[in-house]
Amino acid sequence: MKLIEALRIALDSLLSNQMRSLLATLGIAIGIAAVSTLLSVGQSFQRFVQSQFEALETDALTLLAQPDYNNPSAIPAEQPRLTAGDIEAIAGLPDVREVTARYISGGELRAGPNVSYANIIGTDPGYLRPTMSLMLGRFLTQRDLDERARVAVLDLFMAQQLFPDGRPLGRELRVQGLSFRVVGVYAPPSGGFFFGGGNLLVPITVARDRLFPQASLGSVQVSEATIYVEDLSRIDTVQQAVIALLRERHKLLPEQGSDFSFQDFRQIVESNTNILVGLTAFLGVIGGIALLVGGIGIMNIMLVSVAERTREIGLRKAVGARRGDILVQFLVEAVVLSLIGGVAGVLLTSFLVNVGAVVVQLLFAGAGIAPHLLINAQAVLLALAFASVVGLVAGIYPAVRASRLPPIEALRTP
């Protein structure tokens, strides 16, 4: 009952000094909004980046036709090398489930009067992964590779560029002067922010033997390959087996560096995750400073309140109020101020995050960031808990000072 009475007195006091109460709660509201908004933005961007990195396939090895310069003690390889025979040999290694090869170059595309420039990717049916979606038609087949069929699959961006009428299937497309037939359209992974559009897929045999015939006799018949393993825990073992196999096939001496290399997406994802976690923590610290400033504002307001209500405190003590009663009264006032400011801060956070999502969608619709921009419930709860603690701490000194006022001196105060 004493707590309820203290709450009633606190509300009456706050309502009788509305401007002072408004200023105190405004400081807390801004602090809460700063903490929860910045943490929500940090977490949202972290989710967005992680969704983009899902397409990097960290459960596989990426083999590149590029010399390995990571070993400073070895003699660098003069030229890169990776052939179709290498890919077949890798596919026969233990623990290798699948190998998808790609030959990548660039070239001009023409569809009637429309001209564009694209990444021409010669690949196989394994290129289509669960992170991608086939929107129209079909994908490349093994029969296309065997027959060296001049068929093409466009990503959504290129389909819109070359066929603005929205009907690309079955249409003719000239690539590097050769005629191809469009058989499908696919969507890039995760909205295409990091993995943007501008790709044309053709059978790797056609890319190697017809579009870029120099590759069929050259040392680089495959630009890169993705090696999928049976057991993720053995991915490092598989990598060492691939290195040994290719060095033997390429007849490299022990002192020579490799004429191929690997791209470790696991390290990229881990590094970026650590950076984003640090950035989110930094944003939270900035918001926490704003909340701390709001707490100092509450302390100032409560000290002013004690000075203004000295006679009231003396009167209450004269009629029997104990030090504990006065202490609880002013502590409750400080906590109520903080909680009101906290609720206002949550509402302000909701407004800022939702308006921010709308603005981001309008300005960067193709990036796919807006769906990830959400209020972080944990950040809001943490900010509210912190606000309560700030209010309690900020109210302790004024409350103790009020409770120690001698009744006679307090009554003498005009």
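Miscellaneous remarks
- One quarter of the convex hull surface built on the alpha carbon atoms of segment 66-259 amounts to 12.1 nm², the projected area averaged over directions.
- Computed over neighbours whose Cβ is under 13 Å from that of GLY107, the net charge equals +2, Lys and Arg +1, Asp and Glu -1.
- Neighbour net charge for ARG210 - beta-carbon separation under 11 angstrom, K R +1, D E -1: +2
- For segment 69-142, the fraction of alpha-carbon pairs in successive 10 Å shells from zero, as %: 13, 29, 34, 17, 6, 1
- Whole-number percent relative contact order across segment 66-259, with pairs defined as alpha carbons under 8 Å at least 6 apart: 34 percent
Readers should treat all values here as calculations from the given coordinates under stated rules, not as data from a laboratory. Everything numeric in this text was worked out from a predicted model, so none of it was measured. Note that we place each Cβ from the backbone using ideal geometry, even for glycine, and neighbour counts take in every protein chain shown.
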